[in-house]
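Participant: Here it is, the structure in full.
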Amino acid sequence: RCSRDTPAPGVNALICLSNSDCRQQGKSVCYSVNWTAGDTQLEVLNASTGKRRDSGAPSRLCKHALFARWIRLYRKLVVRGASGMPLYCEAKQAAGTYQTVKLQWLKGLQEAGLGTWVRKPPEQENFTLTV
């Protein structure tokens, strides 16, 4: 049964997505689609692997691709004399607004009774780029 209660700001839309009674397991599509302003076409991904269906290449939204874009901005804005480039996990940890919102999100999930967010192994975030 889907609950229409409003547990916490921004979380109520997830209740039906997270409730096993609301979705028909085994009938979900095996692809996802993304696009952003300025893209010339949709990106269709294999939902199981996160890779492009047409070429098998990683998504333009994968962690590595987004971090590469961030590094390009970082290089333009970095204070003179700063040494080296941060690891992905260091850059993410230093993003104060992101960390604040993430904590609110995790707290909202808990308060709404939607469980806990599954965390990936830390070694998946210990990388830098050679760009």
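The values are calculated or read from the model by the stated rules, or taken from the named source; none is laboratory data. For clarity, every value in this text was computed on a predicted model and none was experimentally measured. Cβ coordinates were reconstructed from backbone atoms using ideal geometry, including for glycine residues, and neighbour counts include every protein chain displayed. Ligands, DNA and RNA are excluded from the accessible area calculation, which covers all protein heavy atoms including side chains. Shrake-Rupley method; radii C 1.70, N 1.55, O 1.52, S 1.80 Å.
Participant: How long is the gain from Ser48 to Val33 if the chain were fully straight, where each residue apart is worth 0.36 nm and the alpha carbon distance is subtracted?
Facilitator: Taking 0.36 nm per residue and subtracting the Cα distance, the gain is 4.1 nm.
Participant: Cross-link partners among lysines for Lys63, C-alpha distance below 26 Å, same-chain residues fewer than 8 apart left out?
Facilitator: Lys51, Lys76, Lys92, Lys102, Lys107, Lys120
Participant: Continuing with this model, one more query. Amide H of Ala47 versus every other amide H placed in the peptide plane: which residues, excluding those fewer than 5 positions away on the same chain, fall under 5 Å?
Facilitator: Tyr31, Ser32
Participant: In the stretch 56-73, which residues have a backbone nitrogen under 16 Å from the label point lying 7 Å from Leu87's Cα in the Cα-to-Cβ direction?
Facilitator: What the label zone holds, given the 16 Å backbone N cut-off, is 64.
Participant: Per residue, how many Å² of accessible area does the stretch 31-125 show with a 1.4 Å probe?
Facilitator: 76 Å²
Participant: Which value does Rg/Rh take for the stretch 31-125 over its C-alpha atoms, Rh per Kirkwood?
Facilitator: 1.02
Participant: Could I ask something else about it? Determine the gain in length on full extension of the stretch Glu123-Tyr74; use 0.36 nm per residue of separation and subtract their C-alpha separation, reporting nm with one decimal.
Facilitator: Using 0.36 nm per residue and subtracting the Cα-Cα distance, I get 15.4 nm.
Participant: Restricting attention to the stretch 62-130, which GluC sites (Glu not before Pro) occupy a DSSP loop and are surrounded by at most 12 other Cβ atoms within 10 Å?
Facilitator: none
Participant: Still on this structure, please answer the following. Quick one: with all protein chains in place, what share of the accessible area of the stretch 57-131 is carbon or sulfur, to the nearest percent (1.4 Å probe)?
Facilitator: On the stretch 57-131, the fraction of accessible area on carbon and sulfur atoms equals 60 percent.
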